[in-house]
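Derivation of every value follows stated rules applied to the coordinates shown; laboratory data play no part. Given the structure is predicted, the values throughout are model-derived calculations rather than measurements. Cβ: placed from backbone, ideal geometry, glycine included. Neighbour counts: every protein chain shown.
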Amino acid sequence: MAISRQLSGKRSPLLRYGLLVIGLILWYSLIWNPLSGKIEELDSRLETQEAKIGRLKRDIKRHRGVDQRVIQSERRLATALKGLMPGDTPQLVASNLQDILLKMASKADLQVITYKTGRVSKWRGYQLAVATFSAKTDTRKLVNFLKLLDDDRRVFRIQNINLVKVKGRNPHLRVNLEVEALFMKAT
């Protein structure tokens, strides 16, 4: 009965503390516990997003300047393509190469004996157009011709050069050249 008297009083400390404990239990179970679960979930989402942001920043640093490098590569490719012999087929490239060689031989004052296009050969999976010619000349004119070939900006190479010194009444050098040019299909 003493307990019922203590509880019946409006200012009873036991009633106040009991209501306070019940209020705390209700607050914890109805408000704090669901909110703390949501807070933890949001914290894990935040960490995930921060990790994604970190990866994206690393990707940005890695890819920074890629567009400029692509533009530079395209410029270098365009410059390299300008150096190739013109032509849609290896035979046409060989014919154009032959024309260029004949013009240079004319400039160097070589006496061309024979000229022809050769069989297409391969280099690292690419086709090479081949032009051959023979000329009658002397050492000075040959050196001048080779210098003209070296100064030309187009892409070709001397695959084979054969020199024969002919003696007799009319001493001269007989030069046989095999020159190759890279053929690439236009893309």
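If you take every residue apart from residue 133 with its C-beta less than 10 Å away from the C-beta of residue 133, what net charge results, scoring Lys and Arg +1 and Asp and Glu -1?
Around residue 133, the surrounding residues sum to 0.
To the nearest 10 degrees, how steeply does helix 90-107 sit against the main Cα axis of the chain, on a 0 to 90 scale?
Result, in degrees: 50.
Sequence-distant or interchain residues sharing an amide H contact under 5 Å with residue 127, placed H: which?
For residue 127, whose amide H was placed from the backbone, the distant partners under 5 Å are 183.
Taking the Cα centre of region 124-176 as the origin, how large is its charge dipole in debye, to the nearest 20, when only Lys and Arg (+1) and Asp and Glu (-1) carry charge on their Cβ atoms?
So the magnitude is around 200 debye.
State the Cα centre-to-centre distance between region 46-124 and region 158-174 in whole Å.
36
Could you work out the local net charge near residue 144, counting Lys and Arg as +1, Asp and Glu as -1, over the other residues with Cβ closer than 14 Å to its Cβ?
Local charge sum for residue 144: 0.
Quick one: net charge around residue 178, please, counting Lys, Arg +1 and Asp, Glu -1 for every other residue with C-beta under 14 Å from its C-beta.
For residues surrounding residue 178, the net value is +2.
For region 92-136, take the alpha-carbon Rg, divide it by the Kirkwood Rh, and send me Rg/Rh.
1.05
From the backbone phi of region 145-162, what are the Karplus-calculated ³J(HN,Hα) couplings (6.51 cos²θ - 1.76 cosθ + 1.60, θ = phi - 60°) in whole Hz, Gly and Pro given as x?
Rounded to whole hertz, the list is 5, 5, 5, 4, 4, 5, 6, 5, 8, 6, 8, 7, 9, 7, 7, 8, 9, 10.
Percent relative contact order of the chain, based on C-alpha pairs within less than 8 angstrom and at least six residues apart?
18
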